[in-house]
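Here's the structure we're looking at; comments come further down.
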Amino acid sequence: MKPPPFDYVRPESLETLLSTLARLENAKILAGGQSLMPMLNLRYVFPDVLVDINRVPGLAGIRLEGDRLRIGAMTRQRAIETDPLAAAHFPILPEALRLVGHRQTRNRGTIGGSLCHLDPAAELPTVALLADATVEIAREGGTRTLSAAEFILGYMTTALGQDEVLTAVSFPLWHRPHGYSFQEFARRHGDFAIASAACLLALGPDGRIERVAIAIGGVGPVPQRMPAAEAALAGTRGEPEAVARALGFCDALDAIGDFHGSADYRRSVARSVLRKALGDARDRAAAAPT
Ligand code: FAD
């Protein structure tokens, strides 16, 4: 397949990018192209203009800002996967990234593109929701910040306006040493997950779960937090009956069925990967330096 005809512009400053987006009607931003190009070739999207942002300075980079890890939208997935700051302060991110596509796609794909494309099984939106990340958005004349939960509206639908660009995402860091785990089941390595589970977990000095966050990807139209499961685990030592209670909430997950599997099949896979993620995160939390 070949894409429908389109014009191509390549702004070389954020100011020009924003004025271009403000002026154009049916435009699409091109970042790493690892999702947009297949969508174009399959004729799922018909933009009149592609706005290539690969030469806009200031949109890539990883840095600590207080107690947050801030990552520019155009930062390549592979750069995050191998970044020492991410490994030291937010290791679930590189762990999840190793499951995103293939090294070749990660060399070009960006974190901003993954968040904006918002495939239901994409690992990065699931981690962003898990961590209560915030996204920075710019348009001509202003900027705004949204939480991941505010940004994610529905199936492959974000809160981005036609004239807006996502410029960065920030992950708040957990102060206490904590455990983490990102688990998924996909037919082949590199395939989109049938279900994934992401977990952050901190233990108190008494060995009880002091703080836990759970997010599930690939099951419903968007990634989902599991507050009831989190509440079932908080204050416990992660005993089998507490874990069983938490896993039981997988039956309430919003799930979609397709040729990969029924909605119930996805919920059962979610239960399996969540069990593994909770076990791993708890073990890592117990081994974390106090
Ligand atoms: P692009 O493809 O350039 O753009 C994607 C969409 O986001 C477009 O609509 C574009 O307009 C918009 N966009 C991009 N950047 C911005 C921005 N800064 N502001 C506003 N809008 C923006 N992904 C996974 O999560 N998990 C997988 O397992 C996985 N497997 C893959 C396997 C293969 C073989 C391939 C080719 C891709 C796979 N992907 C997977 C997708 C890949 O991770 C993409 O890189 C990602 O989904 C999009 O990032 P991108 O930078 O390539 O964005």
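The values are calculated or read from the model by the stated rules, or taken from the named source; none is laboratory data. If you're wondering where the values come from, they're calculated on a predicted model, not measured in any experiment. When we count neighbours, we look across all protein chains shown, and the Cβ atoms used for this are built from the backbone with ideal geometry, even at glycine.
Things worth noting here:
- PHE182 meets all of the listed conditions (1) more than 13 Å from the ligand (Cβ to nearest atom); (2) touching a residue at least 60 places away in the same chain (Cβ under 8 Å) but one, namely (1).
- Where THR82 falls short, out of the listed (1) more than 12 Å from GLY112 (Cβ to Cβ); (2) within 9 Å of the ligand (Cβ to nearest atom); (3) among the β-branched types (Val, Ile, Thr): (2)
- Where GLU150 falls short, out of the listed (1) in a helix (DSSP H, G or I); (2) within 8 Å of the ligand (Cβ to nearest atom); (3) of a type in the set (D, E, K, R): (2)
- Residue within segment 125-136 that is in a loop (DSSP other than H, G, I, E, B), free of Cβ contacts under 8 Å to residues at least 24 places away in the same chain and either more than 11 Å from the ligand (Cβ to nearest atom) or charged (D, E, K, R) (or both) present: no
- Within the set LEU118, LEU93, the sole residue that is more than 28 Å from PRO177 (Cα to Cα) and under 12 Å from the mean Cα position of the chain (by Cα) turns out to be LEU118.
- Residue list for segment 250-267, filter: closer than 20 Å to ALA215 by Cβ, surrounded by fewer than 20 Cβ atoms within 10 Å (Cβ to Cβ) and among the hydrophobic types (A, V, I, L, M, F, W, C): ALA252, LEU253, ILE256, ALA263
- Restricting ASP206, ASP191 to residues that are modelled with pLDDT under 95 and under 30 Å from ASP119 (Cβ atoms) narrows the list to ASP191.
- Subset of segment 66-79 that is outside any loop (DSSP other than H, G, I, E, B) and away from the ligand (no atom under 11 Å from the Cβ) - its residue that is nearest to the chain's Cα centre (by Cα): ILE71
- Selected residue (only one of LEU50, LEU59, LEU40 is more than 17 Å from LEU173 (Cα to Cα), within 11 Å of the ligand (Cβ to nearest atom) and part of a helix (DSSP H, G or I)): LEU40
- Restricting LEU173, LEU130, LEU166 to residues that are under 26 Å from LEU201 (Cα atoms) and either among the β-branched types (Val, Ile, Thr) or buried (at least 23 other Cβ atoms within 10 Å of the Cβ) (or both) narrows the list to LEU130.
- In segment 185-227, residue surrounded by the fewest Cβ atoms within 10 Å (Cβ to Cβ) [restricted to those that are among the charged types (D, E, K, R) and within 13 Å of the ligand (Cβ to nearest atom)]: ARG188
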